[in-house]
Amino acid sequence: MANPYRLLSGGLLGAFGLALAAAFLHDPKEEPPAPPRLLPEAHAAPVEHVRRDKLRYGHTLAELLEQLRVDGRQASAILAQLPDSAADHEVGEGREFDLRLSTRTGTVRRLTLQLDNDRVLTVDGRGAGLRARVDSVEVHTDTAVFSGSVRSSLYQALGEGHGDIPRRERHQIADQIAEQIFETRVDFSNDLNPGDSYQILYERTVRPDGSARRSRLLAVRFLLSGRLYDAYLFRHDGQDGWYDGKGESMKRGFLRAPVEFRRISSGFTLARFHPILHRWRAHVGVDYAASPGTPVRAVADGVVRRAGRAGGYGNVIEIAHGRGYSTRYGHLRGFAKGIDEGTRVRQGQVIAYVGMTGLATGPHLHYEFRQNGRPINPSSVKAIQAEPVDGSRFREVVEARVAAIERAAGVKLAERPRSERSRRGRAE
């Protein structure tokens, strides 16, 4: 029997010999086998195709959708969800839009278009059906100062003023200053002189892109021939109004007449022969001849004390205006909607319509003006101002706005003594 140890050692020597022979016989230039090929990279087809472009001049939204080849039913569905003002709105030339279409069906997945500086249209076609909406651009509010000096006119002064107010808005501001704010204080066609100056504090809304629009004026100050004229917007009794630095209202207390396009058919007199009663009696008002249905306006802010039928007045309205003043409107055809006893009315608000109810021979308005119940000739009422305001809150508002103006403008509008103003006036 063979020895097992001898067999094992022989096997080991044989294996070693084979390995040694293989090492001598291997060709070092032989390349190793190539690795297995990988599968080609996989790319998912895009879900949507994105198109960004700009609009041509005068396009409406309906025309834009047609140009983009939006399916007719989809376009109709979009327009049906929008207010007419948006659907028919001409979108400004150069406005960019972002359109995303499905690569599989070609339908709208999303459309974003800025209709104007303040509105954005979004159409979402993802999910069931199309959803369209018009959103307001998010803005924040701040204040800014607009200032300048006079060379020739109010329009020139504001047109050349320092500030970011667009030119078209500057003309609107000039009209507001001359015809509304300072109407009873300054005649801008005659009272301006070269070298006069102004400062205006205004509130504006600023868009995300940095552009802004004026929303309202807060304070207006003019230095005319050395004299300061100022006005401040202030909310009193729930209504905004303009007041000077002392709290006096800037507007006329009473309109000149309660109807437009009128002529006086009978004036205020203590003895008039009545055309119906055929006797002499006082006529403590003014009759304005006007066509039936002509609107009748409240001549001042106040509260309706009476609205109904009253003997020879026919349909009549009586308004209490404060400080003992009241007005009466007679022979009315009817009352404006919402006019009842206790209703608060604003100056210029339509309260009724001209008629010929009561003792009247033709359509006209009978108008009376009273102070503490005593009749006054309405034609003599010219210089009465509206109710003033007082109190610490008003003074705080004025001081804060003046400080804001002077801080931004870097210049104070200082009124000169009366004696210096007089000398300048004589020199000019």
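Can you name the residue in segment 187-217 that is crowded, with 19+ Cβ neighbours inside 10 Å and among the hydrophobic types (A, V, I, L, M, F, W, C) and is also nearest to A400 (Cα to Cα) among such residues?
Restricting to residues being crowded, with 19+ Cβ neighbours inside 10 Å and among the hydrophobic types (A, V, I, L, M, F, W, C), the top hit is L201.
I'd like to know if segment 126-140 contains one or more residues that are β-branched (V, I, T), in contact with a Leu (Cβ under 8 Å, 6 or more places away or on another chain) and under 20 Å from L201 (Cβ atoms).
No, because not a single residue in segment 126-140 is β-branched (V, I, T), in contact with a Leu (Cβ under 8 Å, 6 or more places away or on another chain) and under 20 Å from L201 (Cβ atoms).
Out of curiosity, is F182 of a type in the set (F, W, Y), surrounded by 16 or more Cβ atoms within 10 Å (Cβ to Cβ) and touching a helix residue (DSSP H, G or I) at 6+ places or on another chain (Cβ under 6 Å)?
Against the criterion (of a type in the set (F, W, Y), surrounded by 16 or more Cβ atoms within 10 Å (Cβ to Cβ) and touching a helix residue (DSSP H, G or I) at 6+ places or on another chain (Cβ under 6 Å)), F182 does not qualify.
Please report, ordered by residue number, the strands (runs of 3 or more DSSP E) entirely within segment 314-384 with at least 2 residues that are among the polar types (S, T, N, Q) and more than 31 Å from the chain's Cα centre (by Cα).
Fully inside segment 314-384 and qualifying: 325-335.
For S249, indicate whether it is at pLDDT below 90 and among the polar types (S, T, N, Q).
yes
What pairs come out if I take residues in segment 399-424 that are under 18 Å from G226 (Cβ atoms) and pair them with residues that are at pLDDT 80 or above and acidic (D, E) whose C-beta lies under 6 Å away, six or more apart or interchain?
K412/E406
For segment 122-241, which strands (runs of 3 or more DSSP E) that fit wholly inside it have 1 or more residues that are among the aromatic types (F, W, Y)?
On the way: elements: 131-136, 140-149, 197-206, 212-224, 227-236.
Because the criterion is at least 1 residues that are among the aromatic types (F, W, Y), the strands (runs of 3 or more DSSP E) in segment 122-241 that meet it are 140-149, 197-206, 212-224, 227-236.
Return only the number of the condition from (1) loosely packed, with under 14 Cβ neighbours inside 10 Å; (2) among the basic types (K, R); (3) farther than 26 Å from A174 by Cα that R151 does not satisfy.
Of (1) loosely packed, with under 14 Cβ neighbours inside 10 Å; (2) among the basic types (K, R); (3) farther than 26 Å from A174 by Cα, only one is false for R151: (3).
The values are calculated or read from the model by the stated rules, or taken from the named source; none is laboratory data. From a predicted model like this one, the values you see are computed outputs, not experimental measurements. Cβ atoms come from the backbone with ideal geometry, glycine included; neighbour counts cover every protein chain shown.
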